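Engineer: This is the structure I have questions about; it appears just below.
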Amino acid sequence: MTEIRKIVLPGELVEEKKGRRVGNGAFYEEDKVFSKVIGIPYITEYEIKVIPLSNVYIPEVGDKVVGVITQVETSGWLVDINSPYVAFLPVSEALSRFADSKVDLSRYFDVNDIILCKISRVTKNKTTQASMKSVGARKLYGGITIEINPSKIPRVIGKAGSMINMIKERTGCEIVAGQNGVVWIRGENKSVVVETFLTIEKESHTLGLTERVEKILGERSGKEVRKNDSK
């Protein structure tokens, strides 16, 4: 049987504080810690927090995100980052050399292009700037994108990249998971990857998830590979 980790509701008692730091998703009154959200308690010797079961992506400086170019302007590009806030990618943060204002910027990035970029600036009113001047930042060619809950991205990646690396190795697909919940996938076994990620999103609060993911990859990827070999 699948063991379900405890889920708490807003205002529900999580644990006694006992000198520990209270992190995201929680608050304390006197020496008792309560949940701010519907989520899973994360309790250690030093910290108490609640990981939300669902949330909206709010950009933070340093986040690596998968975005889609929505508009080409004279000084840069508008980027959909799966957030209530649109990011602006200025020319100075995208190109390695100077581009004259008369140059058609769609030569570099055009509407509907998919990019991996980094959030480089967020103001108090959430005006957001993106940058391509980061390790790994690039245009992503071909493939598909899916959206999962941003709060589930750490589970998709796994400890030290263990989960996403296992999925890449078993399926042979290229995968880029943005902290904004957008995942880019390219390869013949895309359908296996999509099924796997949707399973992780749905069952991330349960124990034994890694074993179930391994089972899906073993059953489905084998069938897909045999199907492709028979063509």
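Each value in this text was obtained by applying a stated rule to the coordinates, not by laboratory testing. In this text the structure is predicted, and so the values were computed from the model without any measurement. Here the Cβ positions follow ideal geometry from the backbone for every residue, glycine too, while neighbour counts run over all protein chains shown.
Engineer: Inverting the mean 1/r over all pairs of different Cα atoms, compute the Kirkwood radius of the stretch 99-196 and quote it in Å.
Structural biologist: 15.2 Å
Engineer: Run through all the Cα pairs of the stretch 144-229 and give the fraction in each 10 Å bin from 0, expressed as whole percent.
Structural biologist: 19, 56, 23, 2
Engineer: Quick check on the stretch 1-128: take the gyration tensor over C-alpha atoms, sort the square-rooted eigenvalues as a ≥ b ≥ c, and tell me if it's rounded (a/c under 1.5), prolate or oblate.
Structural biologist: Taking the square roots of the gyration eigenvalues as a ≥ b ≥ c, the stretch 1-128 is prolate.
Engineer: Also, I was wondering about something else. So what are the ³J(HN,Hα) numbers for the stretch 78-88, from phi and the Karplus equation (6.51, -1.76, 1.60; θ = phi - 60°), rounded to whole Hz, Gly and Pro as x?
Structural biologist: 8, 10, 7, 10, 6, 8, x, 10, 8, 9, 10
Engineer: With point charges of +1 on the Cβ of Lys and Arg and -1 on the Cβ of Asp and Glu, referenced to the Cα centre of the stretch 116-216, which listed residue (GLY172, LEU209, ASN149) lies farthest in the positive direction of the dipole?
Structural biologist: Projecting each Cα onto the dipole axis, the largest value belongs to ASN149.
Engineer: Taking only C-alpha pairs under 8 Å that are 6+ residues apart, what is the relative contact order of the stretch 144-229 in percent?
Structural biologist: Relative CO of the stretch 144-229 lands at 31 percent.
Engineer: First measure r as the distance between the Cβ atoms of SER191 and LEU9, then evaluate 1/(1 + (r/R0)^6) with R0 = 22 Å and state the FRET efficiency to the nearest 0.05.
Structural biologist: 0.05
Engineer: Run the dipole for the chain about the Cα centre, Lys and Arg Cβ at +1, Asp and Glu Cβ at -1, nothing else charged, and hand back the magnitude in debye, nearest 20.
Structural biologist: Computed about the Cα centre, the dipole is about 360 debye.
Engineer: For the stretch 114-164, what relative contact order do you get, as a whole percent, if you take Cα pairs closer than 8 Å and at least 6 residues apart?
Structural biologist: Normalised by residue count, the contact order of the stretch 114-164 is 28 percent.
Engineer: Additional query: Read phi for every residue in the stretch 211-217 and hand back ³J(HN,Hα) as whole Hz from Karplus 6.51 cos²θ - 1.76 cosθ + 1.60, θ = phi - 60°, with x for Gly and Pro.
Structural biologist: With the stated coefficients, the stretch 211-217 comes to 5, 5, 5, 4, 5, 4, 5 Hz.
Engineer: Over the Cα atoms of the chain, what Rg and Dmax result, in angstrom?
Structural biologist: Expressed in Å, the Cα Rg and Dmax of the chain come to 20.5, 67.
Engineer: Using only the alpha-carbon atoms of the stretch 64-140, report the extent along each of the three principal axes, biggest first, to the nearest angstrom.
Structural biologist: Per principal axis, max minus min of the Cα coordinates gives 32, 25, 21 Å.
Engineer: Considering Cα pairs under 8 angstrom that are at least six residues apart, work out the relative contact order of the chain and quote it in whole percent.
Structural biologist: 17 percent
Engineer: Using only the Cα atoms of the stretch 13-52, build the gyration tensor, take square roots of its eigenvalues as a ≥ b ≥ c, and label the shape rounded, prolate or oblate: rounded if a/c is under 1.5, else prolate if a/b is larger than b/c, else oblate.
Structural biologist: oblate
Engineer: Straight distance only, please: which aspartates and glutamates reach the Cα of LYS17 with their own Cα at less than 13 Å, same-chain residues fewer than 8 apart left out?
Structural biologist: Within the straight-line cut-off, LYS17 pairs with GLU29, GLU30, ASP31, GLU45, GLU47.
Engineer: Ok, one more. Cross-link partners among lysines for LYS168, C-alpha distance below 26 Å, same-chain residues fewer than 8 apart left out?
Structural biologist: List returned: LYS64, LYS118, LYS133, LYS139, LYS152, LYS159, LYS190, LYS202, LYS215, LYS223, LYS227, LYS231.
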